[in-house]
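Shown next, in structure tokens, is the structure this report addresses.
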Ligand code: UD1
């Protein structure tokens, strides 16, 4: 398993570029199953999670190629409607094939996703919505077995805002008879980009950017070509890295409009910004002020930046309260950050972060994707050497993070064992 060796106390300076959004590409890859033909996706980074999805699509019968940032998916001859345990247990987003398979083949058998490092993550909202579209759902031998001769449009109310359930249900409903209306739908940019992709394919979806989305069923969808949106979580991670540094850092190829709440919170911490159409420059203050956050569905503060923000707050000159309402158990990084001599206590789903003057390098372990990013940021700022083990987690969602950060002054070496 690979490790990062990080020489700390580094000041970052310069410009760093953001890759295509993992969480926008995953559903669009699954959406390609809806049309019998070859779609082309651009701005696709080299990430383990995308390789896992590509593997799954190949098992289903699609041809997937990925070279130099371009991915082609030819779903002409799909024939197999199963997502096996081996892949779903590696990546929960495999559940995204449920809606498209049901819509195109009338059947899907997807392994039931278990828990994961960030807590229990049910799929009840996905299943309830498919049921309301007329699918028959059976749970058998650890698998979700969904069948439907023809799905029928319906009014669906989500009791919780869910990115995954909103996208999966939209993909299931594109061929349904009549109109489906989703209420309390998620508004994340990744939902919008999936709507753009599906509409480009010929779907009839309205309500983008709102909590009410309507899908009117169509007879055919066609393969398309689309450039994927930038990754707002990678961009946010780099902005927080800039906030932990003394020199200016510019994050390029990003979408500033997707990062407004983070920018506002970093302003409250004392950072100054210069914002362009697709770039953001950040200048950190001499002393970081403590800022409280509560994670919420978009446009609220993203849970996927909670760990990185805690790393920043561990160096503030006061006490910050960081609450996660989306994944209340997502705090595995707290114990690891405390190994770097941060001072963080947990009270249920609230981290109480008392700032310390400096972190001190140590051996730590990555527990999940975003926790790993937080440890890397903390390691760059800490005095001395930090070793982060189990970095396969970070490779799931960050494309060559060490190369990108080293280019602006970090000193991170990957040790392969
Ligand atoms: C997506 C993102 C993930 C991000 C999360 C929240 C992808 C591949 N992953 O995950 O990075 O952290 O959004 O922004 O895009 N829930 C239920 N029942 C369900 C589904 C969800 O109770 O059937 C709950 C979850 O436990 C959680 C909340 O709803 O508390 C939001 O989860 P959801 O938006 O569905 O997250 P994902 O789509 O899995």
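Taken together, the values in this text are just the output of simple stated rules run on the coordinates, not laboratory data. Remember, it's a predicted structure, so these values are computed and weren't measured experimentally. Cβ atoms come from the backbone with ideal geometry, glycine included; neighbour counts cover every protein chain shown.
Descriptive notes on the structure:
- What separates the Cα centres of region 55-116 and region 1-40 is a distance of 19 Å.
- Take each peptide in 369-375, 241-247, count the other Cβ atoms within 10 Å of every residue, and average; sorted highest first, the result is 369-375, 241-247.
- FRET efficiency estimate (nearest 0.05) - Cβ-Cβ, residue 392 to residue 77, R0 45 angstrom: 0.90
- Antiparallel DSSP beta bridges within region 22-227, as percent of all bridges there, nearest 5: 75
- The mean of 1/r over all pairs of different alpha-carbon atoms in the chain, once inverted, gives a Kirkwood hydrodynamic radius of 21.8 Å.
- Residue 332-residue 414 pseudo-label distance in nm [points 7 Å out on the Cα-to-Cβ vector]: 2.1
- Region 302-405: antiparallel DSSP beta bridges as a percent of all, rounded to 5: 70
- Helix-only arithmetic for the chain: the sum of -39500 (n - 2.57) across DSSP H runs with n ≥ 4, divided by the residue total, places the mean residue ellipticity at 222 nm at -8500 deg cm²/dmol.
- Estimated distance in nm for a label pair at residue 70 and residue 89, the labels positioned 7 Å out from Cα along Cα-to-Cβ: 3.8
- Peptide packing: for 347-358, 81-92, the average count of neighbouring Cβ atoms within 10 Å per residue gives the ranking 81-92, 347-358, highest mean first.
- With all pairs of different C-alpha atoms in the average, the Kirkwood value for the hydrodynamic radius of region 22-227 is 16.5 Å.
- Contour excess over end-to-end distance, with Cα ends at residue 227 and residue 13 and 0.36 nm allotted per residue: 74.2 nm
- The spacing between region 197-269 and region 287-310, judged by their C-alpha centroids, is 17 Å.
- When you count the other C-beta atoms within 10 angstrom of each residue and take the mean per peptide, 205-218, 156-169, 34-47 line up highest first as 156-169, 34-47, 205-218.
- DSSP finds beta bridges in the chain, and of those with both partners inside it, around 75 percent are antiparallel.
- Extension gain, residue 155 to residue 356: 0.36 nm times the residue separation minus the Cα-Cα distance gives 67.2 nm.
- Cα centroid separation, region 325-371 to region 121-189: 35 Å.
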